[in-house]
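One structure is given below, encoded as structure tokens.
The values are calculated or read from the model by the stated rules, or taken from the named source; none is laboratory data. The model shown is predicted, which means the values in this text are computed figures rather than measured ones. Heads up, the Cβs are rebuilt from the backbone with ideal geometry, glycines too, and the neighbour counts pull from every protein chain shown. Note: areas computed on protein heavy atoms with side chains; ligands, DNA, RNA excluded. Shrake-Rupley method; radii C 1.70, N 1.55, O 1.52, S 1.80 Å.
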Amino acid sequence: MKKTLILIAAAAAMACGCKKEPVEPVTPKPDIPQEEQVKIPITLSTDIWTKATDSGYENGDKVGIYTVNYVNGSPAELATTGNHLDNTMFAYDGSSWKAEKEVYWKDQTTPADFYCYFPYTGTVSDVKGLSFSVKEDQSSIENYKASELLWGKTDGAKPSTNPVKITTRHMMSNVLVYVEPGEGYTEETLAAEEISVTITGVKTAAKINLANGSVTAEGAAGNITPYKENGYWRALVVPQDITGTEIVKIKVGSDEYTLSQTVRFQSNKQHKCTITVNKVGEGVNIGIGGWESDDTDFGGTVE
């Protein structure tokens, strides 16, 4: 239509003898590449994300996401910066995950690896050495939850309008301590005693490699006060090897007992310790059952 109007105007000018003004040529715009015509937003799946502390993520939880595009059809290495997405925060609103800003796939064909960690931190100085610490006092549910760290990776996700599914797993070990009545006790009389449990001689700080999900304990050893729930105690512990040293301390009334043991705490593993309390005469004897981890029995007895 524009070209037709120009021709009519030129013809009218010739007919009336008017001076012809020069017409600027119309330069067509270059074609936009197809992969840039439609941007595909990156979204995340919510139905398969789980936490050890709850049935799922809670409203307000935040995760950090890294996305690394494939190069010439092959995966590339995760870097601290310079990835397609660098530590982009996604927040959970109770039903879905929302990015802190609009994020898109590189194009319609390039696959990418997705890395996820929880809880989100605004500054990651080294993706292969993220600092994290569990709380030494986990006696409150808030501190217990604050000791949780999750990590997950999805390899070779392809551009799609469907959400990217990422399964996160637990980076810490979960220690469960049960205290049961033995000789001279019933459940009622044992429950009437004042009982306290401490996980002893464990490192509480760690470095997390976000590229492969490995955990390295560091720093000095300390003690953890577990959270008591429904008749047992639980604590989140940095994965590490304990070799023949004191690992559990229990107090029943005024009597205190300890267990020295060799245990390997592992990521995403639950370790169970059942303590049976026997009342003998005026004193108390405590029998220690076995730690249960990977079908390995770490049994022991203290008197």
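Remarks
- Selected residue [polar (S, T, N, Q), under 17 Å from Lys153 (Cα atoms) and in contact with a Phe, Trp or Tyr (Cβ under 7 Å, 6 or more places away or on another chain)] from Asn69, Asn83: Asn83
- Of the strands (runs of 3 or more DSSP E) lying entirely inside the stretch 66-153, those containing at least 2 residues that are open to solvent by 20 Å² or more (accessible area, probe 1.4 Å), farther than 20 Å from Ala206 by Cβ and not hydroxyl-bearing (Ser, Thr, Tyr) are 85-92, 97-99.
- For Gly156, the requirement of being over 26 Å from Lys228 (Cβ atoms) and small (Gly, Ala, Ser) is met.
- Residue, most open to solvent (accessible area, probe 1.4 Å), within the stretch 154-171, restricted to residues that are out of contact with any Asp or Glu (no Cβ under 6 Å at 6 or more places or on another chain) and in a strand (DSSP E or B): Arg169
- Residues being open to solvent by 50 Å² or more (accessible area, probe 1.4 Å) and small (Gly, Ala, Ser) - total across the stretch 215-230: 3
- Cβ separations smaller than 6 Å between residues 6+ apart or across chains give the following pairs from the stretch 214-240 residues that are in contact (Cβ under 8 Å) with a residue 12 or more places away in the chain and closer than 13 Å to Asn143 by Cβ to residues that are among the aromatic types (Phe, Trp, Tyr) and open to solvent by less than 60 Å² (accessible area, probe 1.4 Å): Pro226/Trp233; Tyr227/Tyr144; Arg234/Tyr227.
- Scanning the stretch 231-257 for residues that are open to solvent by 50 Å² or more (accessible area, probe 1.4 Å) and of a type in the set (Ser, Thr, Tyr), we see that the one that is farthest from Gly182 (Cα to Cα) is Thr243.
- All of Asn174, Asn209 fail the test of being surrounded by fewer than 18 Cβ atoms within 10 Å (Cβ to Cβ), touching a Lys or Arg at 6+ places or on another chain (Cβ under 9 Å) and either under 30 Å from Tyr66 (Cα atoms) or among the polar types (S, T, N, Q) (or both), apart from Asn209.
- Residue in the stretch 131-139 that is more than 17 Å from the chain's Cα centre (by Cα) and farther than 30 Å from Ser196 by Cβ present: no
- Hey, Gly300 modelled with pLDDT under 85 and either within 22 Å of the chain's Cα centre (by Cα) or surrounded by fewer than 18 Cβ atoms within 10 Å (Cβ to Cβ) (or both) or not: yes
- Matching entry among Thr161, Thr243, Thr186 (being within 27 Å of Ala99 (Cα to Cα) and at pLDDT below 95): Thr161
- Against the conditions (1) free of Cβ contacts under 8 Å to residues at least 24 places away in the same chain; (2) in contact with a Ser or Thr (Cβ under 9 Å, 6 or more places away or on another chain), Thr186 satisfies every one except (2).
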